[in-house]
1. Please work out which one of (1) touching a residue at least 24 places away in the same chain (Cβ under 8 Å); (2) open to solvent by less than 10 Å² (accessible area, probe 1.4 Å) is the condition D399 fails and give its number.
2. So, in segment 333-346, how many residues would count as being part of a strand (DSSP E or B) and open to solvent by 10 Å² or more (accessible area, probe 1.4 Å)?
3. Within segment 200-253, which residues are open to solvent by less than 30 Å² (accessible area, probe 1.4 Å), of a type outside the set (V, I, T), closer than 18 Å to A169 by Cβ and under 32 Å from the mean Cα position of the chain (by Cα)?
4. Y316 fails exactly one of the following numbered conditions: (1) open to solvent by 30 Å² or more (accessible area, probe 1.4 Å); (2) closer than 21 Å to D246 by Cα. What is the number of that condition?
5. Kindly list the number of the only condition in (1) open to solvent by 20 Å² or more (accessible area, probe 1.4 Å); (2) of a type outside the set (S, T, N, Q); (3) within 28 Å of S413 (Cα to Cα); (4) at pLDDT 95 or above that fails for G305.
6. Scan segment 51-70 for residues that are part of a strand (DSSP E or B) and open to solvent by 50 Å² or more (accessible area, probe 1.4 Å) and jot them down.
7. Being open to solvent by less than 30 Å² (accessible area, probe 1.4 Å), in contact (Cβ under 8 Å) with a residue 60 or more places away in the chain and not polar (S, T, N, Q) narrows it down to one of I180, I149, I197, so name that one.
8. Looking only at segment 143-177, filter to residues that are at pLDDT below 95 and acidic (D, E); which one of those is nearest to the chain's Cα centre (by Cα)?
Amino acid sequence: MKKALAVTLCTAMTVSLAACGGQSSDPTTVAETTTAAETAAAKVETLTGSAEGFGGQVTATLTVEDGKITVCALEGADETPEIGGKALEELEKQVVAAGGYEIDGVSGATVTSKAVSKAVADALGEEIEEPETEAKEVETAAPAEIVEIEGGLQIGQTYAAAHGTSCFAEAVAVVQDDVIVAAYIDEFQFLPEGESIIGVPNSDSDFAEAYADGVVLASKRENAEYYSALMAENAGSTVSIDVNYDAIQSFAVGKTVDELTKIAGEDNAVDAVSGATLADTGAYLKAIADAAQAAKETQAVEYSGNSEDLKLNVAYFAAHGTKCFATAAALTDGDTLILSYIDEFQFIEESDDIQGVPNSDEKFSEGIGNGMVLCSKRENAEYYSSMMTKNAGSTVAIDANYNAIQNHINGMSIADLEALAGEESPVDAISGATLADTAGYLKAVLTAAGK
């Protein structure tokens, strides 16, 4: 009744104005005004889409008015805070300015930028065609030439099935000419979850999604008290696992690669090593000899100091996202980093193209969920680098990146390394490196150096 009355009054006023000689017009009725308001409201939409980012899902929420994006809100809680997280605000502006997913992206946050594009496309109900990647060339890690330096130091690393089938060993060795001047051993094994167990980095995050129920991947050194108690209970051992490792390392120092290889092949090699009680001592010595042999294929650095002043240590660090962890070796002489070595472990789907860590086809694999295998990125550099190319457009292989970082920081003072790691984008200072998380790898080496 009220609407009808309003229309009647408007009509009467129109007739009255016309009768008085007023200029006639085509007035909008209340009913038409209401319809226009409803139409305007209907043209404002809120659309949401998501895509896989650097560490998890990136979500885009768009406000669209009359077919135009007026507001873009991005969420990516798992993106690297210093890089991808900072980029989201800038990417929001780019989406609005571009009116869609065809944005420029943010330098240093390639993966996050691509995820934003895909999330926006998903919100709009569109799909981004992946570019062909076969034509892209990936730089190899092989150096142009190994420059021989008389009296220089070289570092190498290897993984081995040194003790049974439930674990695998990591060995690092430093050589001067043909003599081993430093060595390091540790082993990784799946142990029962518990408050007393220290898991490798990211064991409380995405990396652990590949674990079998009730276990966690752990370093025996970092869990020496727990593991040594098992040794005492099951084998009557009176020497802890880390003390055994230290004794084997000390024995290797001063031996040539050939000498150590020969001793490692002897029956009861443990009898030659003072302080060691492990029945598989020979296998650990062989792992160190293999690491030393690998070191002879790397670039040497000059060193004129006393080898007795050298200290070699290895640390594990969440350097790059939450799906892997890095192992970093640091050889120091006082406050100077002499040499470094970087690698990472990640679970990858099983395939003929993948080389798993030692014992991946044995009991060690029982700690991993079906269809996955634990891998070294260095040993699977070709496969992993192709994934980097596909997902982030990288043209520098993963091992070439590691080597570029190592070559840049070798010989640097610890203070200078700390300053470099603290920069907003240290990758810009390192020739040949393209990894956005370069700071994470520098911090891993600093941790190994005791900082």
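1. (2) is the only condition that D399 fails.
2. Of segment 333-346, the ones part of a strand (DSSP E or B) are 333, 336-346.
Now restrict to residues that are open to solvent by 10 Å² or more (accessible area, probe 1.4 Å): 333, 336, 338, 341, 346.
Here the count works out to 5.
3. Across segment 200-253, the qualifying residues are L217, A218, S219, K220, N223, A224, Y227, S228, N244, Y245, Q249.
4. (1)
5. Only one criterion is unmet by G305, namely (4).
6. Correct list: E52, Q57, E65, K68, T70.
7. Result of the check over I180, I149, I197: I180.
8. Here the residue is E145.
The values are calculated or read from the model by the stated rules, or taken from the named source; none is laboratory data. As the structure is a computational prediction, the values presented were derived from the model and not from experiment. Neighbour counts are summed over all protein chains in view; Cβ atoms, including those assigned to glycine, are modelled from backbone coordinates with ideal geometry. These accessible areas exclude ligands, DNA and RNA; they are computed on the full protein's heavy atoms, side chains included. Shrake-Rupley method; radii C 1.70, N 1.55, O 1.52, S 1.80 Å.
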